[in-house]
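Participant: Sharing a structure with you now.
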Amino acid sequence: MQHCYLCNAAIPDGTGLRMRVKVGDSDNFGISWSRHPHARSSHRTQFGERLVCAACAKSRRRSQSVGSLITLGLGTIIEATMCSHQPSPPPQPSYPAKPAPPPASATSATPAKPIPATAAKQKPAQLTASQQACMKKAVAENTDLARCK
């Protein structure tokens, strides 16, 4: 007559089940002097196929399936919370927003006006030396050119 590896119950011939069970542990502590002296340790767990009774096999399968379900459930919850997180939209102001100011021009503070068709046909006016100096100063200071007329 054979005995269960886990509970040591008697098992009639032909009714036992072979399962992979933990059969031992080993710890190894040592010092390696190969390059640098340091302590090292290792832990090993040995498993093997052993004969178990039907009751032990059933409880081991149940505990393994419960552990698998818990792991699967936790993984699903973590994935759902990470994937469903949407950033909230920015709050909307209760007052109407002001339009953004136009970008500052590098040459003048006022936007350029289109030239009428009649003005394009006219001869350009000759500027005096004082007007030219005023325009150069206005461009350098990025101020209004209208004051130079």
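Participant: Being modelled with pLDDT of 85 or more, assigned to a helix (DSSP H, G or I) and either loosely packed, with under 10 Cβ neighbours inside 10 Å or small (Gly, Ala, Ser) (or both): is that true of GLY67 here?
Facilitator: Numbers: modelled with pLDDT of 85 or more: no; assigned to a helix (DSSP H, G or I): yes; either loosely packed, with under 10 Cβ neighbours inside 10 Å or small (Gly, Ala, Ser) (or both): yes.
No, not satisfied.
Participant: Can you confirm whether SER108 is modelled with pLDDT of 75 or more, over 30 Å from CYS4 (Cβ atoms) and outside any helix (DSSP H, G or I)? Give the derivation first.
Facilitator: On the way: modelled with pLDDT of 75 or more: no; over 30 Å from CYS4 (Cβ atoms): yes; outside any helix (DSSP H, G or I): yes.
Here the answer is no, as SER108 does not meet what is asked.
Participant: Please give the number of the condition ARG40 fails out of (1) surrounded by fewer than 10 Cβ atoms within 10 Å (Cβ to Cβ); (2) among the basic types (Lys, Arg); (3) at pLDDT 70 or above.
Facilitator: (3)
Participant: Within segment 121-148, restricting attention to residues that are assigned to a helix (DSSP H, G or I) and loosely packed, with under 11 Cβ neighbours inside 10 Å, which residue is modelled with the lowest pLDDT? It would help to see each step written out before you state the result.
Facilitator: First pass over segment 121-148, keeping only residues assigned to a helix (DSSP H, G or I): 121, 129-141, 145-148.
Among the residues that remain, those that are also loosely packed, with under 11 Cβ neighbours inside 10 Å are: 121, 129-130, 140-141, 146-147.
On the way: LYS121: 57, ALA129: 83, SER130: 84, ALA140: 85, GLU141: 85, ALA146: 73, ARG147: 72.
Across segment 121-148, the extreme among qualifying residues is LYS121.
The values are calculated or read from the model by the stated rules, or taken from the named source; none is laboratory data. This structure is a prediction, so every number in the text was calculated from the model and none was measured. Every residue, glycine as well, gets a Cβ built from its backbone with ideal geometry; the counts of neighbours run over all protein chains shown.
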